[in-house]
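Worksheet: the structure to be examined is printed underneath.
The values are calculated or read from the model by the stated rules, or taken from the named source; none is laboratory data. Given the structure is predicted, the values throughout are model-derived calculations rather than measurements. Neighbour counts run over all protein chains shown; Cβ positions are idealised from the backbone, glycine included. Note: areas computed on protein heavy atoms with side chains; ligands, DNA, RNA excluded. Shrake-Rupley method; radii C 1.70, N 1.55, O 1.52, S 1.80 Å.
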Amino acid sequence: MTELRNVEADLARFRRRVLVAALVVLVAFGLVVARLVVLQVARHSDLAEQAESNSTALVPIVPTRGLIEDRNGIVLANNYSAYTLEITPSKAGPLEQTIDELSRVVEITPRDRRRFRKLLDDSKSFESLPIRTRLSDAEVARFAAQRYRFPGVEVRARLFRTYPFGALASHAIGYVGRINAAEKERIEDSDDAANYRGTDYIGKLGIEQSYEKQLHGTTGVQEVEISASGRAVRQLASIPAIPGDTIKLSIDIRLQKLVEDLFGDRRGALVALDPRTGEVLAFVSKPDFDPNMFVDGIDTEDWTALNDSPDKPLLDRALRGTYPPGSTFKPFMAMAALQTGTRTPQQTIADPGYYMFAGHKFRDDKPGGHGIVDMHKAIVESCDTYFYGVAHDLGVDRIHDQIAPYGLGQLTGIDIPGEVRGLLPSTAWKRAAYRGRPQQKWFPGDTISLGIGQGYNHFTMLQMAVGTAALVNNGLRMKPHIGMEVIGPNHQAEPAVRDAGVQIDALPANLAVVKNAMEGVTSLPDGTAFAPFRGAPYTSGGKTGTAQLVDIKANQKYNASKLNARLRDNALFTAFAPADHPQIVLAIVVENGGFGAESAAPIARRVFDYWLLHEYPSAQDILAVQKGEASAPIGQPRPVADVPWPPSPTPGGSADTPAPDPFLLPPPSQPATSKPIARKR
């Protein structure tokens, strides 16, 4: 009986265990079924989409960057395709060893190595960086045969930017370069992050930077099926990229080349405007640089050479170089005097050759003076004494308030980045600029110096061109712009800039007085720019200026031959033509060029001959202007079509691929910042 009871107890325990196990199994099975229901029914569509995405990848299609053309359709920035050998440092072996091994397969120069190291310093280890660009087909084939030896090294086909005319107009056009860490962070935080997937390059300067959005285009997407190993199997869908817009500039590249030829090796800047529209016809800063150097990434030696050069080729002198205006400031002083009633056109002074104030003698450039001088003669002959008195009677604040509307000492709003404000001084400015009370005080002697464009006055040539254009355009100041049209993929064109201009509160009669006097500068025998414009078949006007860069004591006489070449006078000239209905306005500075009439005005004469007569100077005439020989004859101008254009290879192309010949196209369409002393004409 005892054994029977033990067996029954064991069976009871066994049944309980079986029941518990069955319940556990049932619960587990129920959970599995419930999970399957959730996965197969409730989340079927969501999981199906995820499963599909596990086998597909979205590959960005980088758009072709838009072209940049001059006003006549000459291409100034283009694209070309080439093979690039690239290394991803995080996937490759020891870099130096990898590069040494690669150099036995394809040529890698010391410059390539320096450029790669600079890119490596500015990038992250997981980014693909070029060690060689523009590989030949033979080099690509050699590497492909030994690719297995180089993990993290790939050959890729890419589009590269090229500037067919090299340094010509480089400051205006700008350049593209690889996106750096700061730019990448800014893009990722913007609404354009998706549009820059796969993009390695971005505009860095000039038009390339300011019109980046239009030039970049819209990135496309390609959906591809990938294998478990990550290799693409087939294309599933594709949204094509939209190429960037073409930007047509207002610049005439032939005029640009003419001016740069006329400057030669001299430093300086020139801005040419259409006063009726604000279109920039030429935008010159000398010396310049070749933007092609930056496309692949500039190496350290080239960068150091550019950055440390005493000539500062990277400085955009037209946009960021500020200069004392010298006597080119006098027409604005005359307008201030007329508008405030401080002077009338007929009012005269007797000029003894100096102006006395508080026991100090402010000298005129002409010993013995100009005799009896009215406003017209003061501008034509550039009489300092007259404008010393005008400045004293006006006072610094009235000078500032009357001249600021012309854009001097103000940002013009031009459509390229980096513009500086310059300086049109006032008592409020000096109080804000200096900390000590003695330095904050404005002295009457400071005001007298302003009258002839010296002292604290510092302006860019862009501002001088805008201000002069407003003077001769009946007081209407137009916003300057280099971009003229934005042309979309379907060839539809839209104005790049829309501006109705700002009407300055100036009496037409006063504007006429100043404009007429400026005409006398180039047309009257006593005019300071009469010699360069003698015999011109059109009327013109202008104002010469010369700005000293060192102080000359009262008992000393200026002698350029005894000064370091970089301390000699700057030569300036502002001009317009034709006089009755101006179509072009210029502002020019030739650094250390001496008298404006000798170094700057001859450049203006050749520019006007080209723009108004479609004539190009002879090679001998260009050489004479480069040497500053103002008395050199004009020579026999040639039609534009007869001017030779030396061929130069397009970067990335063959030596047999010349740059386009702009002179064979139709003629152009018409529609330092110290406190220097400015002197002379």
Positions within the stretch 169-218 being assigned to a loop (DSSP other than H, G, I, E, B), over 20 Å from residue 60 (Cα atoms) and open to solvent by 20 Å² or more (accessible area, probe 1.4 Å), in sequence order: 175, 204, 205
Subset of the stretch 434-453 [more than 21 Å from residue 378 (Cα to Cα) and outside any helix (DSSP H, G or I)]: 434, 435, 436, 441, 442, 443
Residue check, residue 58 within 30 Å of residue 157 (Cα to Cα) and either of a type in the set (Val, Ile, Thr) or modelled with pLDDT under 75 (or both): yes
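Every residue, every condition in (1) of a type outside the set (Gly, Ala, Ser); (2) over 28 Å from the mean Cα position of the chain (by Cα), yes or no:
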| residue | (1), (2) |
| --- | --- |
| 72 | yes, no |
| 76 | yes, no |
| 79 | yes, no |
| 82 | no, no |
| 95 | yes, yes |
| 98 | yes, yes |
| 105 | yes, yes |
Any chance residue 299 is open to solvent by less than 30 Å² (accessible area, probe 1.4 Å) and of a type in the set (Asp, Glu): yes
Among residues of the stretch 475-504, those that are part of a loop (DSSP other than H, G, I, E, B) and at pLDDT below 95, counted: 11
The one condition in (1) at pLDDT below 95; (2) touching a His at 6+ places or on another chain (Cβ under 9 Å) that residue 230 fails to fulfil: (2)
Selection count, the stretch 412-442, where residues are open to solvent by 50 Å² or more (accessible area, probe 1.4 Å), farther than 29 Å from residue 315 by Cβ and hydroxyl-bearing (Ser, Thr, Tyr): 0
Strands (runs of 3 or more DSSP E) (entirely within the stretch 313-422) containing at least 2 residues that are of a type in the set (Ser, Thr, Tyr) and more than 30 Å from residue 172 (Cβ to Cβ): 354-357
Count of the stretch 590-604 residues which are assigned to a helix (DSSP H, G or I) and among the aliphatic types (A, V, I, L, M): 4
